[in-house]
1. When a/c reaches 1.5 or more, the comparison of a/b and b/c decides; with that in mind, is the chain rounded, prolate or oblate per its Cα gyration tensor?
2. Hey, what's the chain come to in accessible area per residue, 1.4 Å probe, Å²?
3. Mind ranking 221-232, 47-58 by how tightly packed they are, going by the mean number of other C-beta atoms within 10 angstrom, highest first?
4. Quick one: with all protein chains in place, what share of the accessible area of segment 255-385 is carbon or sulfur, to the nearest percent (1.4 Å probe)?
5. Do me a favour and compute the ellipsoid semi-axes for segment 223-339 from its Cα gyration tensor, root of five times each eigenvalue, largest one first, whole Å.
6. What does DSSP give for segment 18-253 in terms of the percent of beta bridges that are antiparallel, rounded to the nearest 5?
7. Sort the following peptides by mean Cβ neighbour count (other Cβ atoms within 10 Å, averaged over residues), highest first: 107-117, 193-203, 298-308.
8. Quick one: with all protein chains in place, what share of the accessible area of segment 18-253 is carbon or sulfur, to the nearest percent (1.4 Å probe)?
Amino acid sequence: MKNNNFKNIPFGSPVFDKKTYSLIKKVIDSKKLVHGPMIVEFEKKFSILTKSKFCLGVSSCTMGMHMIYYHLGIQKGDEVLVPAQTHVATAMAVEAVGAKPIFIDSNYENGNINLFEIESKITNKTKAISVVHYLGFPVDMKPIMRIAKKYKLFVLEDCALSLGSKYENIHTGLIGDAGVFSFYPVKHITTSEGGMIITKHKKLYKSLKLLRGFGVDKDYDKRKIPGQYNTLTKGLNGRMSEIEAAMGISQLNNFNFFLKRRSNNYTFLQNKFQKLKNISSLNTNVNYKFFWSPYCYALILNKKLIKYRNKIMLSLNNQGVGTSIYYPKPVPCMKYFKNKYKIKSKFNNAMRFSNNAVMLPIAQHVSKKDISYIASKVEDVIKKFS
Ligand SMILES: *Cc1c(COP(=O)(O)O)cnc(C)c1O
């Protein structure tokens with residue numbers, strides 16, 4: 001069966017340049033594995049890319065969100081609005097401080113939080129709204145900020161999939177009070193594990209910086225007597241290591257290329273699939289308001305094909321086209337949340353993305369040849385089941 005035309009294109013696979021190896025070697029040779037120059041440089045580079053004055057490298061996106069809720073003093077008895085269609089992490093960060101996530105369905109068009117459902121879910125216990133830029137497409141932030149102002153709520157942007165995406169020319173993460181990115185291997189860039197908090201608030205940045213390292217008063221290299229320090233506030237350990245930061249630096253050096261490739265691959269599939277029957281995709285009306293750094297291609301099956309979704313995915317996988325699902329269930333339908341909160345509501349729009357869609361790879365590891373291969377295999381399989 002195997003011939004020269006056989007391909008193996010994973011859904012996600014990180015791309016590294018030569019400099020990655022030398023930077024990581026530099027860290028190892030220096031023996032400075034934490035508190036070193038790499039994290040400083042990575043944060044600086046991230047600040048240039050996002051135009052955020054304040055950037056804080058952390059150990060993961062989940063940890064970054066946990067740190068923020070912890071800092072805000074959100075706790076048992078409090079509520080945080082969370083989109084139903086997201087990674088469980090968005091809700092787990094709320095759970096981590098003992099508060100209750102209140103789930104909101106997606107809109108039908110692009111999977112982002114349904115703006116019209118938010119206000120009816122606000123109570124006197126609500127402390128914050130979290131939004132997720134689903135597959136990187138920016139949430140319409142203006143109405144969110146209007147509601148947040150009216151009810152005095154903190155706005156946390158989960159930017160795990162939105163590096164490079166902007167809303168009204170402002171990088172995602174800077175419209176709300178804070179944004180948190182993920183550098184898990186399949187995201188836009190990777191540091192193996194890792195994340196970044198960005199914010200426009202200096203005070204918040206300073207507090208989170210303390211919180212990131214046990215609330216300790218003196219930076220490691222500012223201690224006159226080694227080992228001598230005090231702790232000023234409550235704290236956690238949310239630090240990013242030097243090896244992770246070094247990887248991040250080399251990833252950011254290539255970000256323009258990554259973004260271009262993602263966008264080109266996305267547009268290629270979009271054009272190819274225009275004439276294809278029985279499928280659709282996100283309705284992403286890209287205009288001056290929304291600049292999209294796409295994460296993947298959502299192939300949404302229409303009624304006739306839904307029952308064949310697993311067969312379609314397996315057929316693509318067997319032909320070397322990797323696929324994924326984002327996300328496998330709306331979070332409130334995941335066992336833990338369903339049982340704990342006895343959730344009965346249906347999240348029909350969120351469910352549509354979980355049940356009817358096949359996510360296709362478009363990232364930097366997908367070459368021009370690969371993307372036409374993907375397009376032709378998808379066309380074949382959709383025609384076959386139509
Ligand atoms: C991947 C992902 C996360 C989790 O990121 P980690 O860095 O692994 O903690 C959170 N939210 C969303 C929307 C994600 O896709």
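The values are calculated or read from the model by the stated rules, or taken from the named source; none is laboratory data. Keep in mind it's a predicted model, so treat the numbers as computed, not measured. Here the Cβ is made from the backbone with ideal geometry for all residues, glycine too, and neighbour counts use every protein chain on show. Side chains included, ligands, DNA and RNA excluded: accessible areas come from the protein's heavy atoms. Shrake-Rupley method; radii C 1.70, N 1.55, O 1.52, S 1.80 Å.
1. oblate
2. Solvent-accessible surface per residue comes out at 48 Å².
3. Working: 221-232: 9.2, 47-58: 19.5.
Ranked by mean Cβ neighbours within 10 Å, highest first: 47-58, 221-232.
4. After summing per-atom areas, the C and S share lands at 51 percent.
5. Details: eigenvalues 339, 105, 50 Å².
Result for segment 223-339: semi-axes of 41, 23, 16 Å.
6. 50 percent
7. 193-203, 107-117, 298-308
8. Ligands and nucleic acids excluded, carbon and sulfur reach 56 percent.
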